[in-house]
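What follows draws every value from the coordinates through simple rules; no lab data is involved. Here the structure is a predicted model, which is why all the values come from computation and not from measurement. Cβ sites come from the backbone with ideal geometry, for glycine too, and all protein chains shown count toward neighbours.
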C-alpha cells in the first residue's frame, strides 16, 4: 500500500501523526470494553483492527471479552474470527455470520436483536452504557477534520460522536469518489427535537462528512482490503413468479387509481426475491422510480442504468465483487442520483410513514393469519435478525412480505397454523406473496385472512392440512381461532421426523 | 332541548336549515354503506343517529349491514344496539363492548384491529374503499362553517374530509367551552409531505375547527345526551405496588443521570394501573410533568390540579361521570394546559419517537422472553384491540408494560412460557412490571430476559414451573429456547381444567 496516498487523504494535517498499524491501534481495546465498528451488510466495515485484535488475543492467550456494536452485518471474517477467538460477549443489532449465529444459538454470545433505526437513539441516551472505542472505515479526512465514510454509513456517525476514543481505518482500496455521496445528520436531544426536515427521497439534510473531535482520534490505520461482498443466491423460477405476482398487483393498484406508474418510493430487503423484483421492474412499464431503502444491491444499479430508477437513498452499497468494481469506477455518473444516510435516517419511522414507502421484506414463515416470523428457525434458533424489516413494515404505505411457500425440498411449509416466533404481527402485514400467489390482506379480519392465505399462498401439498387445521380451530371460535394443542405441532413434527407433512 | 340554543351554536347561518331529527338523518344510511362515526374511548361519540338507525331497522325489519369505522371505542349503547340489530358487518379500528366482542368472537362481525395512528392514512388513500357517510358530534359550527368537535377528536377530521356526506350531531349537553381546545391538523398527501412541525408537547400546528365543505353537510341533529363515561375499576394493593415499582425505577434512572424529575412526556394507557401511577406521581417528588397520550382520565386532571402536570395533550377526555361534570364546568381553567388532537397526531410514530415518550401500557400476558399479548384471551378470543399500544411501544423512549402477575383468582399466570398471541414483540418491550417486581430488559438477550422476568415478575406460585420449562427449553438451545410441544400447554390446561397450575 502507498502510505503517501494515505497521507494525501488525511487533509487535516495535524492528524497525520496518528497513523499507526492495526496491531498498535488494537492496543486501545481492553477487556470489558464496548466497541462500536462501522459496517452495514458487509459494506464499509472496519476490517483491520478487529482482525489484529483477534490475532493479539490468539497469540497472547489473554482473556478479552467485548460488547460489539455494529451497523448491521460486517465482514464475514471479522464476525467469524472474533467469535472463534471468544472475544464477543455481547452483540447488537444484526448479524448474518454462521459461526457467530451458532455461538449465539449455543448461548455463548448474548445477542440483542434490535430494530436498526433504534440503536442510534439508545447510544445517544446512554441506555446501553458507555461506548469506549469506535472503529470506523473512511476514505478521507477533510481539511476541517471531517470523516468521509466509505460504502456504508450505518451507525458510524453516532458511534463517532459518543465514543471515548475513535480509530479510523483509512481504506485506500475504497474509492475517493465516495466523497459527497453521504448525507450525515444526527437527530438532536429529546424531548425538544426538530422534526427531520426531509420532504423527498432526494433531499439532503446534513453534511457530506461525519464530524469527530480530532482529539478523540487516537489512531489512523491505513488499510487496503476491499469490502467482503458476496454474490447472493441467483433467482430461480420461483423468485421470478413471486416478482411477477407483485408487479401484476402493482398494475392492478394503478388501474384502481391508487398509484401511478412511478409507484411509491421502494424499500427492498436483501436477497434473491428482491433482485428478481428489481429485474422485473427494469423490464416493466414502470418509470421514474425512487428507492428509499437500507441497502443498494446489484439490481438497484441495473435499474439506475436502465433509466427506470431516478434516485436511490440507502445506508449502504453492497454489491457482488464484479459489480462493485464497475460501480466504484464510475461513481461520478451516479453521484446526482445517490445518497447514503445514517441507518437511523434510512430506516426512520417518521420518514417511512411520511414518504409512503412500498416495503418488501422476506419472511421465514407466516401463519394463516399473516403473523410473520423473520428470524427464528423452528421458533428457537436465530437466523440473522429482524434488521430493518420492522422499521419498514410498521410504517410503510404498503407492507409486503415474500417467501417461497416451502423450504427444505418441500419438507417445510412456510405457511403454518401458528408462527413459531412472531416478529411482525398481523397488524403490520398487508400483502403476502409466495410463488403460489399473492394475498391482499388489507381491511380483512383474521378469519378472512386465513381463507385467502391458505388459498393463495400455501403450497398445494400443505393446503388440505391447513384447511383441516383451520376448520378444527373454527369450532373453538374467536377473532383468531386456534387449536392450541396443535398450533405448533407442525414444527414439533418437523423436528422429530424431518418433515412437516 | 332548546332548539334556539342549537341555532345559536350554528353560527354559519346557511346551515341552520339542515336541522332535522335523528331518524330523518338516519335515512341517509343505506345497506352496504361505510359509515364513519366520531368517538374515542366513549367520548364525543355520535349517539343519536346510530341509535335511530337501529330503531329504524328493528321496526322496519329491513336487512341493513354497514361497515362501521370509529376513532376507538364508542358509547356502550351504540355498539351494543347496532350489534343486537345485526347492523355491523365490519368494524375498525378498536372496540370495548361485550356484546360486540362476543359477536366478533363468534365470527359474525369482521373486526379489523388496527394501530390507531394508521386509520387516517388508510382513509385518505382509499385503501379501505369509499366512506359514504360520516356522523360527527360537535359543540358548534363557526361563522366560516368550521366544525367544533366535542370531547374527542379521534378520526373525525379525516372522516369529515373524505366522506361523501356528513351528519353533525350538535350536542347541547357538551360544553361550548371546548371551543379552542382542539388542534386539528390533517397530514398532506404522500410521498411529498411536510414533516409534522411539532417540536414540543405544547405546540399547536393546526386549527381549532375541522373544516368540512358545507355542501356535504346533509343534516344537523340536535342532541343532548352526555358522554357515556364509566368509572374504571378502582385501584387496589396490587396496582399500587405496580405504581410504586415504576416510580422507584424512575428515581433510579434519575440517579443514573438519564432523566430529571420532570421525566419525559408520559403516555399512559387506560385503566386502574394507569390511574394508580398517576396518583403516585401526584404524591411524588416529580414535577413539571408533560403528557402526550391518547386519553385524559380522572388522574390526569388530578395531576393538573395538583400542579405536578404542566400540560396534557391527547385525542380524548374520558372521565368518570362526577369528574366529567366538574371538569367541563371549569374548562377555562385548563384551557392553556390542554390540547385535543386527531388520533393520528396523538399517536404518530414521528412524534412519539421525537418527543421521547415514556409509554405505559397494559399487557394481558407476557412470555418469559417479554413478548406481549394485549388483545387475545387464551390466544383466540379478542378482548378489546391493540389500540394505540403499538404506536407508542414501538417508538417510545421507554416502552413499559404492566400487568398483574395472575388473573382469575390465581388460576392464570400472566407470565407464560410462550405468549398465546403476540401484539408486541420482545423488540418493543423494555420494562415489564407486575405487583411482584420490575424487570429492566434493556440491552438483554432473550436468555437473560427469561431469567429476570421469571425472577422479578412471575407470581411465586408459578415460578417453579416457569423455571422448569426454561431449563427444559435450554436443552434444545437457540436464541429463544422453547419446548414447542409444551410452549402453549399452560393455556391448553387452563381451557381444560380451569387452571394453569
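Among helices (runs of 4 or more DSSP H) entirely within the range B:53-127, having at least 1 residues that are within 14 Å of chain A (Cβ to nearest Cβ) singles out B:98-105, B:119-124.
Restricted to the range A:128-150, and to residues there that are within 14 Å of chain B (Cβ to nearest Cβ) and closer than 24 Å to residue A:22 by Cα, the residue that is surrounded by the most Cβ atoms within 10 Å (Cβ to Cβ) is A:131.
Only one of B:236, B:298, B:213 is in contact (Cβ under 8 Å) with a residue 12 or more places away in the chain and over 17 Å from the mean Cα position of the chain (by Cα). Can you tell me which? The unique qualifying residue is B:236.
State all residues of the range A:139-165 that are over 19 Å from residue A:344 (Cα atoms) and free of Cβ contacts under 8 Å to residues at least 60 places away in the same chain; if no residue qualifies, say none. The one that is over 19 Å from residue A:344 (Cα atoms) and free of Cβ contacts under 8 Å to residues at least 60 places away in the same chain: A:164.
Of all residues in the range B:215-245, those being out of contact with any strand residue (DSSP E or B) (no Cβ under 9 Å at 6 or more places or on another chain), closer than 29 Å to residue B:141 by Cα and not in a loop (DSSP other than H, G, I, E, B) number 1. Scanning the range B:419-448 for residues that are within 8 Å of chain A (Cβ to nearest Cβ), in a loop (DSSP other than H, G, I, E, B) and more than 24 Å from residue B:381 (Cα to Cα) yields B:442, B:443, B:444, B:445.
Of all residues assigned to the range B:247-261, at least one qualifies as being loosely packed, with under 15 Cβ neighbours inside 10 Å and in contact with a helix residue (DSSP H, G or I) (Cβ under 8 Å, 6 or more places away or on another chain). The number of residues in the range A:360-376 being under 13 Å from the mean Cα position of the chain (by Cα) and more than 22 Å from residue B:483 (Cα to Cα) comes to 3. Hey, any hits in the range B:283-290 for a residue that's part of a helix (DSSP H, G or I) and either out of contact with any helix residue (DSSP H, G or I) (no Cβ under 8 Å at 6 or more places or on another chain) or crowded, with 23+ Cβ neighbours inside 10 Å (or both)? No, the range B:283-290 contains no residue that is part of a helix (DSSP H, G or I) and either out of contact with any helix residue (DSSP H, G or I) (no Cβ under 8 Å at 6 or more places or on another chain) or crowded, with 23+ Cβ neighbours inside 10 Å (or both).
Close contacts from the range A:102-131, counting a first residue that is on the phi > 0 side of the Ramachandran plot and a second that is surrounded by fewer than 24 Cβ atoms within 10 Å (Cβ to Cβ) and in a helix (DSSP H, G or I), with Cβ to Cβ under 7 Å and a gap of 6+ residues or different chains, come to A:107/B:447.
Of the residues making up the range B:175-190, those that are within 14 Å of chain A (Cβ to nearest Cβ) and closer than 22 Å to residue B:141 by Cβ are B:185, B:186. When residue B:480 is tested against (1) facing chain A (nearest Cβ under 8 Å); (2) part of a helix (DSSP H, G or I); (3) under 24 Å from residue B:378 (Cα atoms), just one condition goes unmet, and that condition is (2). In the set (1) within 14 Å of another protein chain (Cβ to nearest Cβ); (2) surrounded by fewer than 22 Cβ atoms within 10 Å (Cβ to Cβ), residue A:198 fails one condition alone, (2). Restricting the search to helices (runs of 4 or more DSSP H) fully inside the range B:317-407 and requiring at least 1 residues that are more than 10 Å from chain A (Cβ to nearest Cβ) and within 22 Å of residue B:205 (Cα to Cα) gives B:331-334, B:343-346, B:389-395.
Of all residues in the range A:478-501 being exposed (fewer than 14 other Cβ atoms within 10 Å of the Cβ) and without any contact (Cβ under 8 Å) to a residue 40 or more places away in the chain, which is nearest to residue B:420 (Cα to Cα)? Checking each candidate, the answer is A:496.
When the range A:485-501 is limited to residues that are more than 7 Å from every other protein chain (Cβ to nearest Cβ) and assigned to a loop (DSSP other than H, G, I, E, B), the one that is nearest to residue A:464 (Cα to Cα) turns out to be A:501. Does the range B:452-471 contain any residue that is buried (at least 24 other Cβ atoms within 10 Å of the Cβ), closer than 25 Å to residue A:384 by Cβ, under 33 Å from the mean Cα position of the chain (by Cα) and within 14 Å of another protein chain (Cβ to nearest Cβ)? For the range B:452-471, residues buried (at least 24 other Cβ atoms within 10 Å of the Cβ), closer than 25 Å to residue A:384 by Cβ, under 33 Å from the mean Cα position of the chain (by Cα) and within 14 Å of another protein chain (Cβ to nearest Cβ): absent. Is it true that some residue in the range A:33-49 is without any contact (Cβ under 8 Å) to a residue 60 or more places away in the chain and surrounded by fewer than 24 Cβ atoms within 10 Å (Cβ to Cβ)? No. Being surrounded by fewer than 20 Cβ atoms within 10 Å (Cβ to Cβ), in contact (Cβ under 8 Å) with a residue 60 or more places away in the chain and within 14 Å of chain A (Cβ to nearest Cβ): is that true of residue B:193 here? Criteria not met by residue B:193.
Could you check, for the range A:417-435, whether at least one of its residues is over 21 Å from the mean Cα position of the chain (by Cα) and farther than 30 Å from residue A:485 by Cβ? Scanning the range A:417-435, I find at least one residue that is over 21 Å from the mean Cα position of the chain (by Cα) and farther than 30 Å from residue A:485 by Cβ, so the answer is yes.
Reported count of residues in the range A:141-190, each being on the phi > 0 side of the Ramachandran plot and assigned to a strand (DSSP E or B), is 1.
Step by step: first the residues of the range A:251-275, then only those that are within 16 Å of residue A:432 (Cα to Cα) and away from chain B (no Cβ under 14 Å), then the one that is nearest to the chain's Cα centre (by Cα). Which residue is that? Checked the range A:251-275; the qualifying residue nearest to the chain's Cα centre (by Cα) is A:269.
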